Amino acid sequence: MALAVFLQELDELARAAVEQFAAAVDGETLESARVAFLGAKQGRLKAAQKQMGNVGPSDRPLAGKRFNEVKQSIESAYAAAQQRLTGGSVRRPPDPTFDATLPGIRPQLGKRHPLTQTMEELKDIMGRLGFTVADGPEVEDERHNFEALNIPREHPARDPLENFYLATAGVGDPDSVFLLRSQTSTVQIRVMEAKRPPIRIISMGRVYRPDTADATHYPMFHQIEGLLVDHRVTMADLKSVLRLFAQTYLGSEVHIRFRPSFFPFTEPSVEVDYQWKDNWIEFGGAGMVDPHVLQAVGYDPEEVTGFAFGLGVERLCMRRHGVTDIREFYKNDVRFLQQF
Ligand code: FA5
């Protein structure tokens with residue numbers, strides 16, 4: 001066979017292959033083009049390779065060189081078409097066991113923790129009563145956790161055994177002794193230091209006490225704090241707000257009761273009980289902000305008065321959902337959590 005004829009046939013083969021690979025519109029047309037040109041037995045490239053044996057021996061090196069060039073250009077045209085149609089991924093044969101008509105497996109969606117849900121709802125309720133949310137740090141200094149709240153150094157609430165003091169604590173300076181806050185009342189001080197009345201805020205978050213865990217206590221729990229300071233605020237306002245709050249969260253049949261109590265930062269102070277299904281349950285403490293506290297943040301107690309309250313979030317959530325043991329919230333057992 002004459003070299004010129006062979007070379008012409010090779011050129012024709014390359015042109016046809018490149019054209020067909022470029023024209024392939026899906027995996028099927030691409031595969032039939034691949035079999036036609038690159039097929040190991042009957043492919044046209046294979047046929048051309050066989051024909052090379054008919055070229056005269058002196059022309060063979062040139063024929064071989066050209067054959068290799070054509071082979072390479074056909075192979076890269078195939079690879080380019082494959083890339084174009086599959087986005088680079090390797091095409092696998094369809095899985096014969098796959099049935100597109102069967103219902104799929106739903107991924108399990110997580111949910112927010114019941115206490116987070118509770119706090120969102122409490123935020124909503126208090127928001128409707130005009131209270132905005134304020135935040136404070138969980139690592140507090142003694143001044144905000146005790147001193148400014150009228151809790152003097154010798155008060156039993158400051159006992160190291162009653163609190164989580166941090167090991168880095170300095171001694172003697174209330175601004176450099178740190179502890180995990182034992183109540184959210186700290187935020188009352190932070191807000192009043194930063195802002196002039198009128199004040200109408202709530203604050204929610206974790207507090208820490210070295211209490212032994214039992215059905216109603218946990219060493220880390222959540223409180224919702226409320227503070228309202230304005231002209232002529234009275235105990236009646238406090239009771240109305242707490243009643244509205246409880247009736248919205250727990251239901252209209254809930255009653256509220258104040259029992260005389262003592263907190264160093266409120267005067268008078270009360271324990272707040274809610275009646276629910278014939279039982280009176282303590283939810284927290286409250287009272288009128290002590291004039292000393294108002295004075296300490298630079299307010300004039302002759303001009304403004306205020307009320308404050310602090311309730312246990314876990315206890316509210318437990319009451320609402322009939323949870324009998326606070327420890328359930330912290331076990332991370334999905335069988336419990338997915339019920340909310
Ligand atoms: C206080 O913490 C005051 N700061 C409340 C307050 C705020 C009074 C503003 C006046 C003005 P008390 O220590 O009673 O108060 O805690 C309030 C509520 O937190 C309790 O009624 C209870 O519902 C909840 N609580 C207390 N200790 C725990 C605990 N270990 N585990 C779960 N909840 C608790």
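Details
- Proximal charge balance of Tyr165 [Cβ under 13 Å; K/R count +1, D/E count -1]: -2
- At a probe radius of 1.4 angstrom, the accessible area of the chain per residue rounds to 57 square angstrom.
- Compactness ratio for the stretch 54-114: Cα radius of gyration over 2.2 N^0.38 Å (N = residue count) comes to 2.44.
- CD proxy at 222 nm, helix term only [per DSSP H run n ≥ 4: -39500 (n - 2.57); per residue of the chain; nearest 500]: -12000 deg cm²/dmol
- Check: the stretch 207-321 dipole with +1 on Lys, Arg Cβ and -1 on Asp, Glu Cβ, in debye: 460 debye
- 19 Å cut-off, amide nitrogen to a point 7 angstrom out along Glu162 Cα→Cβ, residues in the stretch 111-151: 140-151
- Net charge over other residues, Cβ less than 14 angstrom from the Cβ of Ala308 (K, R count +1; D, E count -1): -3
- The chain - percent of accessible surface contributed by carbon and sulfur, probe 1.4 Å: 53 percent
- Between helix 235-250 and the chain: long-axis angle, C-alpha atoms, 0 to 90°, nearest 10: 40 degrees
- Long-range lysine pairs (8 or more apart or interchain), the chain, Cα under 23 Å: 12
- Modelled label positions at Arg243 and Ala36, each set 7 Å beyond Cα in the direction of Cβ, lie 8.9 nm from each other.
- Fully extending the segment from Ala194 to Arg60, taken as 0.36 nm per residue of separation minus the present Cα-Cα distance, adds 38.9 nm.
- P(r), alpha carbons of the chain - 20 Å bins starting at zero, rounded %: 23, 31, 9, 16, 17, 4
- Exposed GluC sites (Glu not before Pro) absent: longest stretch of the chain, with sites in DSSP loops and at most 12 other Cβ within 10 Å deemed exposed: 1-153
- The label point for Asp300 and the one for Leu337, both projected 7 Å from the Cα toward the Cβ, are 5.3 nm apart.
- Distance between the pseudo-spin-label points of Asp99 and Ala22 (7 Å out from Cα toward the beta carbon): 4.6 nm.
- Degrees between helix 27-38 axis and first principal axis of the chain (Cα, 0 to 90, nearest 10): 30 degrees
- Dividing the alpha-carbon radius of gyration of the stretch 3-86 by the rule-of-thumb value 2.2 N^0.38 Å gives 1.13.
- Full-stretch length increase - Gln117, Ser261 - with 0.36 nm per residue and alpha-carbon distance subtracted: 48.8 nm
- Under 12 Å, Cβ to Cβ, from Ala134 - net charge with Lys/Arg +1 and Asp/Glu -1: +1
- Treating r as the C-beta distance of Arg106 and Asp135 and R0 as 35 Å, the FRET efficiency rounds to 0.45.
- Around the Cα centre of the stretch 240-308, unit charges on the Cβ atoms of Lys, Arg, Asp and Glu (plus for the first two, minus for the last two) sum to a dipole of about 320 debye.
- Between 0 and 90°, nearest 10: helix 60-86 axis offset from the chain longest Cα axis: 30 degrees
- Part-to-part distance (alpha-carbon centres) for the stretch 250-286 and the stretch 41-83, which is given in Å: 93 Å
The values are calculated or read from the model by the stated rules, or taken from the named source; none is laboratory data. These figures come from a predicted structure and were not determined experimentally. Note that we place each Cβ from the backbone using ideal geometry, even for glycine, and neighbour counts take in every protein chain shown. Quick note on the areas: whole protein, heavy atoms, side chains included, nothing else; ligands and nucleic acids left out. Shrake-Rupley method; radii C 1.70, N 1.55, O 1.52, S 1.80 Å.
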